[in-house]
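> Once you've had a glance at the structure underneath, I'll fire off some questions.
The values are calculated or read from the model by the stated rules, or taken from the named source; none is laboratory data. Quick caveat: nothing in here was measured; it's all calculated off a predicted structure. For neighbour counting, all protein chains shown are included, and Cβ atoms are generated from backbone atoms with ideal geometry for every residue, glycine included. Note: areas computed on protein heavy atoms with side chains; ligands, DNA, RNA excluded. Shrake-Rupley method; radii C 1.70, N 1.55, O 1.52, S 1.80 Å.
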Amino acid sequence: MQTILRLLFGTFLSTLLAMNMLYAESLKEGKDYIKLKTPLDVPQKSIVEIFNVGCPHCAKMGELLPKLFATIPQEAVFLPYHIITGSAFSAQASEVLAVAVSIDEERNLTSKDIESYFRRASNAYFDAFFKTQKHFKNKESFIAFGLDAMEISQTKFETQLRHKEVQEKLKTWQDSIAQTGIQSVPSFIVNGKYLILMNKVKDSEDFIYKINYLLGI
């Protein structure tokens with residue numbers, strides 16, 4: 001019985017490998033992704049997500065990210081770039097999330113970690129916009145909501161926001177729009193140079209496969 005099971009398992013793995021090789025051959029530049037003329041200054045094994053918390057598609061992608069993080073190599077780095085768009089409180093969201101990422105770096109947490117300040121703040125904003133339809137009276141209440149999700153004070157936020165590295169982060173995020181030439185969010189750049197064509201992504205499994213494939217190039 002054990003011999004039969006081993007044979008069946010071996011056949012399954014061989015079939016799966018053959019399917020993956022066939023699928024990999026169909027991943028083509030210009031069809032599934034494009035190569036940026038000017039690569040982003042990020043590590044080789046990295047995934048950059050350019051997004052906005054006021055975007056419903058970004059919110060859906062936020063729900064998929066934990067599944068993605070469970071499949072990518074442990075050394076792969078996830079770098080969220082929140083950009084300012086026409087959505088409400090967009091600039092304030094960038095400030096809150098830049099501070100969140102900065103504090104995470106100080107705490108030796110990454111944006112993949114469920115307990116990271118980034119994940120806590122971004123998930124709170126996504127839920128507010130698209131699950132509870134929360135109404136924010138003004139910029140101050142919007143910022144306060146994010147700070148409550150992270151459990152940090154207004155003073156801590158304002159101090160961290162003035163740091164040079166946080167201001168540089170905000171500039172890098174916004175500059176990525178022109179550098180990558182993206183037309184919509186969310187957009188994903190792998191290894192700083194491969195921009196996935198999201199309109200060619202079939203489903204979540206296809207997306208995860210493409211991320212992992214490009215990480216290996």
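> Going residue by residue through segment 30-51, is there one that turns out to be more than 19 Å from residue 71 (Cα to Cα) and modelled with pLDDT under 50?
Within segment 30-51 (the criterion being more than 19 Å from residue 71 (Cα to Cα) and modelled with pLDDT under 50), the answer is no, since none of the residues qualifies.
> Another question, then. Report yes if residue 90 is of a type outside the set (Val, Ile, Thr), over 11 Å from the mean Cα position of the chain (by Cα) and surrounded by 14 or more Cβ atoms within 10 Å (Cβ to Cβ), otherwise no.
yes
> Go through segment 182-214 and count every residue that is touching a strand residue (DSSP E or B) at 6+ places or on another chain (Cβ under 8 Å) and not basic (Lys, Arg).
Residues in segment 182-214 being touching a strand residue (DSSP E or B) at 6+ places or on another chain (Cβ under 8 Å) and not basic (Lys, Arg): 17 in total.
> Limited to segment 173-188, what total is found for residues that are surrounded by 18 or more Cβ atoms within 10 Å (Cβ to Cβ) and part of a helix (DSSP H, G or I)?
So the count comes out to 3.
> Look through segment 189-207, keep the residues that are open to solvent by less than 20 Å² (accessible area, probe 1.4 Å) and in contact (Cβ under 8 Å) with a residue 40 or more places away in the chain, and return whichever of them is nearest to residue 41 (Cα to Cα).
The selected residue is 192.
> If you check 139, 131, which single one turns out to be closer than 17 Å to residue 59 by Cα and either over 16 Å from the mean Cα position of the chain (by Cα) or surrounded by fewer than 17 Cβ atoms within 10 Å (Cβ to Cβ) (or both)?
131 is the lone residue from the list that is closer than 17 Å to residue 59 by Cα and either over 16 Å from the mean Cα position of the chain (by Cα) or surrounded by fewer than 17 Cβ atoms within 10 Å (Cβ to Cβ) (or both).
> A follow-up question, please. Return a yes/no flag: does segment 87-106 have any residue that is at pLDDT below 95, part of a loop (DSSP other than H, G, I, E, B), of a type in the set (S, T, N, Q) and closer than 28 Å to residue 211 by Cα.
Yes - at least one qualifying residue is present in segment 87-106.
Residues checked against (1) in contact with a Ser or Thr (Cβ under 6 Å, 6 or more places away or on another chain); (2) of a type in the set (Phe, Trp, Tyr); (3) open to solvent by 70 Å² or more (accessible area, probe 1.4 Å):
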site	(1), (2), (3)
30	no, no, no
40	no, no, no
48	no, no, no
52	yes, no, no
61	no, no, no
64	yes, no, no
70	no, no, yes
74	no, no, yes
77	yes, no, no
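> If residue 97 meets every condition in (1) over 10 Å from the mean Cα position of the chain (by Cα); (2) touching a residue at least 60 places away in the same chain (Cβ under 8 Å); (3) more than 18 Å from residue 135 (Cα to Cα) apart from one, which number is that one?
(2)
> Something else: How many residues does segment 113-165 contain that are within 16 Å of residue 89 (Cβ to Cβ) and not in a helix (DSSP H, G or I)?
7
> Okay, next question. Which of the residues that make up segment 66-105 are of a type in the set (Phe, Trp, Tyr) and within 25 Å of residue 44 (Cβ to Cβ)?
69, 78, 81
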